[in-house]
Amino acid sequence: MATTLAPVLTDLWDKDRSWTLATYEDNGGYRGLRRALSLPAGDVVTMVKDSGLRGRGGAGFPTGMKWGFLPAPDGGPRYLVVNADESEPGTCKDIPLMLASPQHLIEGMIITSYAIGCHHAFVYVRGEVLHVYRRLLKSIEEAYAAGYLGKNILGSGFDLDITLHSGAGAYICGEETALLDSLEGLRGQPRLKPPFPAVAGLYARPTVVNNVESIASVPGIVVGGADWFKQMGTEKSTGHGLFSLSGHVTRPGQYEAPLGITLRELLDMAGGIREGHELKFWTPGGSSTPIFTAEHLDVPLDYESVGAAGSMLGTRALQIFDDTTSVVRAVTRWTEFYKHESCGKCTPCREGTYWLAQVLQRLEAGRGTSADIDLLLDLCDNILGRAFCALGDGATSPITSAIQYFREEFEAGTHTPADVLFPPERSSLFAYTPRRSGAQLAGVHA
Amino acid sequence: MTITSPQQTATPLVPAAPVERAVAPADTVTFTIDGLETSVPKGTLVIRAAEEIGIQIPRFCDHPLLAPAGACRQCLVEVWTPGRDGNLAKMPKPQASCTLEATPGMEVRTQHTSAEADKAQQGVMELLLVNHPLDCPVCDKGGECPLQNQAMSNGRATSRFVDIKRTFPKPISISTQILLDRERCVLCQRCTRFSEEVAGDVWIDLQKRGAHQQIGTFDADVLGFAGDVPTGAATQDTTGRPFASYFSGNTVQICPVGALTSAAYRFRSRPFDLVSTPGIAEHDSQGSAIRVDHRRGVVLRRLAGDDPTVNHEWVTDKDRFAFAWQSAPDRITTPLVRARNADGTPGELEPTSWVEALDVAAAGLLAAQAPVDPREEAVGVAVLAGGRLTLEDAYAYSKLARVALDTNDVDGRARPHSAEEEAFLGHHVAGRTLEVTFADLDRAPAVLLVGLEAEEEAGIAFLRLRSAVVKKRTRVVSVAALASRGLQRLAGTLLAAAPGTEAEVLDGIVASAEGALGDTAAALREQGALVLVGERLAASPGAYSAALRLTARTGARLAWVPRRVGERAAVEVGLLPSLLPGGRPVADSAARVDIAAVWGVEHLPETPGRSTGEILADAAAGRLGGLVVGGLELADLPDPALARAALDRVPFVVSLEVRRSEVTDRADVVLPVAPPVEKGGTFVTWEGRPRPFPQALVSHELADHRVLDRLADALGVELGLGSLAAVHAELDQLGGWDGARVEAPTVPAPEPPAVEAGHAVLATWHQLLDAGRLQTGEPFLAGTAKRAVARLSAGTAEQLGLADGDRVAVSTDAGTITLPAAVTDMPDLVVWLPTNSVGSAVRDTLHADAGDLVRIAAAPHELAAAGVGDGEDAPGRDEEVGA
């Protein structure tokens, strides 16, 4: 039986003015909060632990366990920080979620704050998405006005304030400790761990940092119960998740489905690869996860299966590339992104991405040397596991996996520009005239 | 002395500090590195533990005195740890040994035993060199460069990088002294971490990101520092750019590449051409260990020495860069004797031989002691020895006065001083060495600073206090006219006191008091609390007495932290009119017998002598026959005009001096002496810690004690101080004193003066970098000094119709100082001026000091507009005086 969609977070997206509190409440919103407030905080934590909810930000760390790492209350403040700094190439789930149904997040934050004993929660939202910032701000105002935020929420005696903070546009600030530094007003660079945020996070106080989707999933768990959540997904990857299909697919968009669904099933629902083309390669979880090819169409998209197949589930950002796409060009663009976004703190990421980009640009232009592929692999080996944070590791994934599956395209980069082998205008989904035509490039090279 | 003689019978006069016993660590961790088992205290980083057993792991960002960063990734090692089942398991990634604490049973494999660690290190090294220029042949760091060395030991012979390097325009001048070549920088962040963690000056920070990440200067538009945003004249250096730091030179030293260089040393030398001699900085009473690097008789640079008991590895920029004075063009190289004109009036100084100069000096001094005409009023010889002498030299002046000149008219205080201070020094300071030390600053729960601006006057004490404050071990309270930037960086509490009211404030620190006074009283009762008093209190009647009362009341320990390097030694050897060496009171016959026995004389002068001020006043009035003056600048004295008049009036003046000065210009005989770099000796820190240093340069100049030995010889007295060994033997023999001490001063707090309209009480202290004579010849350093401003309260400024930045004129009958006003949170009717900065020579211009009343008014606009005003009343000297 084919897996079907499981709209929970996306359930209201097609309602009229889906983002308003009224729409949310009319469709069962804030039932979870009422239920949670009637329970001891510890029971809420247990419920989330039992549900098997794992972090939706990419790493897949069990959310309830993360909450459990907080030390016993000492009378001082403890914080919830929602990581809404969605900036991974290909990843586009949190921003539509916050735009279409922001109250899911806010209710989740209130329940989570109640569960962990937090009275001041923060949302760190990516700076470039001003429309999301405004919508979230308005939604928080609505929640305050309705008594869901502020003092004595729903008469429970529980207080919570939410501060919405706009980042300044740095990929690194999606790394949780860099996010905390940035939130504190410092330069956004990752912190040395330990101490982990659970012990000394924001303002050196115990802090939980969770992804938007993880927190937004909490109200559903509280309403439906851990068993309801566990019905979806696989044994170790429970629940629903947003699968963001983008690229050469007939109907790109957000597909909320149980974890464990396959790309083949998702493509069926999305109308398949664009007309007249075939799948060439795809990312299971954004550009930092090793790429997959058509042979991975039936890999269940859960944490374990994707890992076993040599990649990571990441943020379920399924970027689909058809046969018109140059792998070398795609990887070069990604690498240029990592070079541009490297925070500069550690040598491997800072200097490594700077070098990788130059080697890849050479290969893309057809001016590579026979040693360049081995050089790329060795450089990736010198970056992977040597960098300060995981972002350096992520920068190597597309390169090593692309060489693994499409080595011949890199070899072609020693004599033929990628634009000649794969004219970019053929890949584009809209009318596009490259600044330099493939013929020109070929002429230059010849 | 640290150098002990075989005949030692008692505790030496200034005993060396006892060796600190290593405290056995409470918890140890046993693990292995490259198969070698080692035990280290819990919490030790792997990279430190490896050093201990002689395994060197390459590193750049790691520095033992800075918090771990883990940024450069050069120190990666392979690590195996025991799991729950007890079996060793390899950690999946190589670990940065600079951030990894050793745990029991851990197995660390460095580049020596692990191919993975070796490859990781080689890989990081290759990446570091991707954007590093190959300009080692012209780089100052070449030859002593950790990057160069480790690239040789832990890098590939050739690079695979054939692409385009990132470049920057070079260099950026961070200040006039510190230059930054950004393309050489490996972004280890040692400099920025030093600025944040140690100095607390945020004058550089990281900017931009990725390969464009770079160290940058302060630019609020780019960096947006939180707090402490420098605006206005009050936060500028003398060149008008934002003030950087007094400790900026340390970043040059800890930079593991040649990115940070100093203008003074840039392109001057190759490190392998330099000869290094350990030394002790001569600029303050901190006694910082330094390294003097010289080449063919010329000092090219000084570096901080590594001395955990005193200065760790840090020194102030003054200690590092201000050494050109020792080889200034105005050095005196031969003895000089003043010729007599045909009419008997004094003529010019003329070079002569040592033999003749000493004969003339001796004859002049003998005549001054016993004039031919018995009715002559100008009789007797006094000795004025400045505050910058070594222990040995100070001792020689003290002994010369008592033995050869038969007088107690000897004073080492070339600064404001008082009888109360003299009693305080005799009672509480002399002979009580190492009772309070730098280490106590680290441990003290509370430190009260009184009349002491730690950053300006005691740089190392400031850094150590700051370190303790940052670690939340210490809280600092200061009794001063205003909360300086230094106090703010110590997170200190100000007990505001107009100058002259320090005693009143100290007497108010009682447990029953409300607010900060009561809190301070409680804090000072804690075990280990300290009160540090500065020399400035001499100008505040009752303050020393009140400090003694306070410490008696609270149990806190009291230490005197003078500015100059020679002040403590002078006290210890009796360069005071009422004190003999070791804290022995002149008035105590047993003490005199004690000293006379060692000195081999029948008796010593019995009556306490005259102080510096009394000597000069009597000299100016024609009641002194001769003066022996050493290491003293007239402009440092409370009333330089009186001092000049005094020296003009005294019939016979012998000057021992390194460089031409106002004293040598008035002397009859000038005897050249060696600067510190050309002699061996011992400085004594404010703690009373002897800091011996060797002679760095070959020189035929003599130390003061050798010159004085010869002068005494010419006077017919054998001083027995012809060599360091002889002085040390005698100091060892003298030993300490367990007899009665000088009585404690008991001066009550005075009534504060009434301040009339248009007047204010003057507050003043020296800036670390100012117009001092020992900073001449170093323009790059001078550019980094704070710009002189006049500080006053918002209320006072309003009364005068002044806004921040307007020019304010501060005057006395003697002269006027005109400076930009800096409105500061401080008591009304008080105006603060830097004591001796460019444009603000307080003593010379105003003949006034802290606590005196001055007139204060808005500067006439026409003067300001014409650009006149800055120090126009100062005498036309290009070099102001004071260290």
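Each reported figure results from applying straightforward, stated rules to the coordinates on display, with no laboratory input. It should be emphasised that the depicted structure is a prediction, and the values quoted were computed from it without experimental measurement. Reconstructed Cβ throughout: ideal geometry from the backbone, glycine too, with neighbour counts over all protein chains shown.
Points to keep in mind about this one:
- For B:Leu349, the residues whose modelled amide H falls within less than 5 Å of its own, excluding neighbours fewer than 5 places apart on the same chain, are B:Ala339.
- Residues B:Val533, B:Val310, B:Val747, sorted so that the one with the fewest Cβ neighbours within 10 Å comes first: B:Val747, B:Val310, B:Val533
- Prolate/oblate/rounded label for the range A:328-374 (Cα gyration tensor, a/c 1.5): oblate
- Principal axis box of the range B:759-865, alpha-carbon based, largest edge first, Å: 41, 28, 25
- Take each residue in B:64-72, count the other chain C-beta atoms within 10 Å of its C-beta, and the mean is 3.
- Taking the convex hull of the alpha carbon positions in chain B and averaging its projected area over all directions gives 41.0 nm².
- With contributions of -39500 (n - 2.57) from each DSSP H run of at least four residues, the per-residue ellipticity at 222 nm computed over chain B stands at -6500 deg cm²/dmol.
- For the range B:298-448: rounded, prolate or oblate by the Cα gyration tensor [a/c cutoff 1.5]: oblate
- Unit charges at the beta carbon, dipole of chain A: most positive-side option, A:Gly57, A:Val81, A:Ala365: A:Val81
- Expected 222 nm ellipticity per residue - DSSP helices of 4 or more, -39500 (n - 2.57), all of chain A, to 500: -13000 deg cm²/dmol
- Which of B:Asp85, B:Asp330 has the fewest Cβ neighbours within 10 Å, and the rest in rising order: B:Asp85, B:Asp330
- Short-range pairs are left out: with C-alpha atoms under 8 Å and at least six residues apart, the relative contact order of chain B is 14 percent.
- Cross-link reach list, aspartates and glutamates versus B:Lys90, counting only Cα pairs under 17 Å and skipping chain neighbours closer than eight places: B:Asp34, B:Glu78, B:Glu101, B:Glu107, B:Glu116, B:Asp118
- Centre separation in Å (Cα based) which lies between the range B:609-630 and the range A:315-356: 81 Å
- Helix B:515-524 vs. chain B, principal-axis angle (Cα, 0 to 90°, nearest 10): 80 degrees
- Considering only beta bridges that DSSP places wholly inside chain B, some 60 percent are antiparallel.
- Dipole magnitude of chain B about its Cα centre (Cβ charges: Lys, Arg +1; Asp, Glu -1), debye to nearest 20: 3260 debye
- Between 0 and 90°, nearest 10: helix A:102-116 axis offset from chain A longest Cα axis: 60 degrees
- C-alpha center-to-center spacing [the range B:639-706, the range A:83-161] in angstrom: 73 Å
- For the range B:526-664, the square roots of the Cα gyration tensor eigenvalues, ordered a ≥ b ≥ c, give a/c of at least 1.5 with a/b no greater than b/c, which places it in the oblate category.
- Selection among B:Leu768, B:Ala809, B:Pro820 by position relative to the dipole of the range B:733-864 gives B:Leu768 as farthest towards the positive end (Cβ unit charges, Cα centre).
- Sorted by Cβ neighbour density within 10 Å, fewest at the top, the residues B:Tyr395, A:Tyr30: A:Tyr30, B:Tyr395
- Highest average packing first - B:665-678, B:612-625, Cβ atoms within 10 Å: B:665-678, B:612-625
- Principal-axis tilt of helix B:115-130 within chain B, Cα atoms, nearest 10 degrees: 60 degrees
- Spherically averaged projected area of the convex hull of Cα atoms, the range A:327-440: 7.2 nm².
- With both residues required to sit in the protein assembly as shown, DSSP beta bridges show an antiparallel share near 55%.
- Mean projection area, nm², convex hull over Cα of chain A: 21.3 nm²
- For B:Leu579, the residues whose modelled amide H falls within less than 5 Å of its own, excluding neighbours fewer than 5 places apart on the same chain, are B:Val586.
- Order by protection proxy (mean Cβ within 10 Å, highest first), peptides B:260-266, A:406-412: B:260-266, A:406-412
- Check: the range B:28-130 dipole with +1 on Lys, Arg Cβ and -1 on Asp, Glu Cβ, in debye: 240 debye
- Inter-chain Cβ neighbour count for A:354-364, averaged per residue, equals 3 (cutoff 10 Å, partner chain atoms only).
- Once both labels are positioned 7 Å from their Cα atoms along Cα-to-Cβ, the gap between A:Asp16 and A:Arg407 label points is 6.1 nm.
- For the protein assembly as shown, the Cβ-based charge dipole about the Cα centre amounts to some 3260 debye (Lys, Arg positive; Asp, Glu negative; other atoms uncharged).
- With a 10 Å cut-off around each Cβ of B:124-134, the average count of Cβ atoms from other chains is 5.
- Unit charges at the beta carbon, dipole of the range A:232-322: most positive-side option, A:Gly310, A:Pro290, A:Leu263: A:Pro290
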